[in-house]
Structure formats: structure tokens, C-alpha cells
Amino acid sequence: MKTSSAVTAGHRGLEDSRIYKLALTGLFAALSYVVFTFLQIKITLPGGDATSIHLGNAVCVLGALILGGFYGGLGGALGMTIGDLFDPIYVVYAPKTFLLKLCIGLITGLVAHKIGRINESSDKRHVFRFVVAASVCGLLFNVIFDPLVGYFYKLAILGKPAADLVLAWNIASTSINAVTSAAAAVVIYMPLRSTLIRSGLFDRFR
């Protein structure tokens, strides 16, 4: 039976972990904003619209792998939404961006932590398989729903007649972003995980 001091210590440890994750959520939000805003290749489309090639989604996936689906997804969603708000072309898409990027994190976290339980495994092959699977699942969702939601968003809310033409470009750019982001997230996460374990910081994310 746990003593009151043990329960108190466990509660304090949980609170410290949440504070730590919230702080890192802010860090991932800043990182996703910088990557999305300053390291993107913007492609201007007919009707004054645009799409872009970027690695912002990689930050979202990486955050979910490290912090869990909610905190990681929230960091990526906040960063890229702020990026939209400061861009005169993308500003109208900010609500869509927040919802979709949060979902990328939630799906990635679900596969990695709830199904694969990567934080509880010391088997590198098992971890690698589920990191890849989680990254693919989260970004596959985005490949399907980003262009689809964007299409209906333009039609219903913005009333843009060029929605059909823009859809093809969005599918292409989102697919490229998914492949590059999945590869980047996996390549960065695996050595970063080892570094966190060696430094003793990994337990804070459990």
C-alpha cells in the first residue's frame, strides 16, 4: 500500500512532467513556425492562391513521437497556424491548418504510443517499425484530408471557382511534403531518442 508521501511524490512527478511537456510544446510550436515560414518553397497558383513544399509536418510528427499525440500535435498546429495568420495568402486557411495538423499529431501519437508503446520498449527494431508506421499513418491522413478539406473549404467558405485546378496542385504538394516529412521525422527521431536515453531525459516523456 502506498504511503501518503509516495502518492504526493508521484503526483508532483506527474505535474512536473506536464509542465515539461507544455514547455516543449511551445518549443515545437516555435520550431514548426520557423520551418514552415522560412524554409518553404511557395508555389503561386491561379486566382491568387498558393501551395508550398515544406517540412513543417515533420516537426509535428517529431513532436508527437517525443511528447505524445496531443502535446506534439498541438505544438505543430500552433506553429503552422501562426504561420498562416502572418501570411496574407494563407491567413484564411488558419482554422483548417490548426485542425488538420493537430490530427496529424493525434494519429501519430496513437500509433506510436498507444499501439506500439515505443516509450516502453527497448527493442530498437520494434521502435523503428512503429515510428515509421506512426509517421506514415499521420501523414497519410494529411495527404487525404488536407486537399479534400481544402477543396470544400474553398467552395463553401471562400467560393473560389478555381478549386478544381488548385486541388490537383494541393494533392501533389501534400504528397511530396508527406514523403519528405516522414523520412525527416524518422531520421531525426531515432538518434535523438538514443541521446535522450543516455542523458536521462527520456523518462520525462513516459
Checklist entry - Would you call F152 surrounded by fewer than 14 Cβ atoms within 10 Å (Cβ to Cβ) and aromatic (F, W, Y)? => result yes
Next on the checklist: Can you tell me which of (1) of a type in the set (S, T, Y); (2) open to solvent by less than 50 Å² (accessible area, probe 1.4 Å); (3) without any contact (Cβ under 8 Å) to a residue 12 or more places away in the chain; (4) under 25 Å from W169 (Cβ atoms) is the one S121 doesn't meet?
Outcome noted: (4)
Checklist outcome for this item: Within the stretch 76-99, restricting to residues that are of a type in the set (A, V, I, L, M) and open to solvent by less than 10 Å² (accessible area, probe 1.4 Å), the one that is modelled with the lowest pLDDT is A94
Checklist entry - Could you list, in sequence order, the residues of the stretch 122-147 that are at pLDDT below 95 and of a type in the set (S, T, N, Q)? => result S122
Next on the checklist: Go through the stretch 43-75 and report how many residues are free of Cβ contacts under 8 Å to residues at least 40 places away in the same chain and surrounded by fewer than 17 Cβ atoms within 10 Å (Cβ to Cβ).
Outcome noted: 2
Next on the checklist: Could you check the stretch 188-205 and list, in sequence order, the residues that are out of contact with any helix residue (DSSP H, G or I) (no Cβ under 6 Å at 6 or more places or on another chain), of a type in the set (D, E, K, R) and surrounded by 11 or more Cβ atoms within 10 Å (Cβ to Cβ)?
Outcome noted: R193, D203
Next on the checklist: Against the condition touching a Gly at 6+ places or on another chain (Cβ under 8 Å) and within 19 Å of G63 (Cα to Cα), how does A134 come out, does it pass?
Outcome noted: yes
Checklist entry - From T108, T180, which residue is part of a helix (DSSP H, G or I), surrounded by fewer than 18 Cβ atoms within 10 Å (Cβ to Cβ), in contact with a Leu (Cβ under 8 Å, 6 or more places away or on another chain) and on the phi < 0 side of the Ramachandran plot? => result T180
Item to check | Those residues of the stretch 163-177 which are open to solvent by 10 Å² or more (accessible area, probe 1.4 Å), closer than 11 Å to G150 by Cα and in contact (Cβ under 8 Å) with a residue 60 or more places away in the chain, in sequence order | outcome: N170
Checklist entry - Does any residue of the stretch 28-41 turn out to be assigned to a strand (DSSP E or B), of a type in the set (V, I, T) and farther than 24 Å from D203 by Cβ? => result yes
Checklist entry - What are the pairs, 6+ residues apart or on separate chains, where a residue within the stretch 136-153 that is under 15 Å from S173 (Cβ atoms) has its Cβ under 6 Å from a residue that is basic (K, R)? => result V149/K96
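The values are calculated or read from the model by the stated rules, or taken from the named source; none is laboratory data. All of these numbers come straight from a predicted model, not from anything done at the bench. Heads up, the Cβs are rebuilt from the backbone with ideal geometry, glycines too, and the neighbour counts pull from every protein chain shown. To get the accessible areas, we keep the full protein, side chains included, count just its heavy atoms, and leave off ligands, DNA and RNA. Shrake-Rupley method; radii C 1.70, N 1.55, O 1.52, S 1.80 Å.
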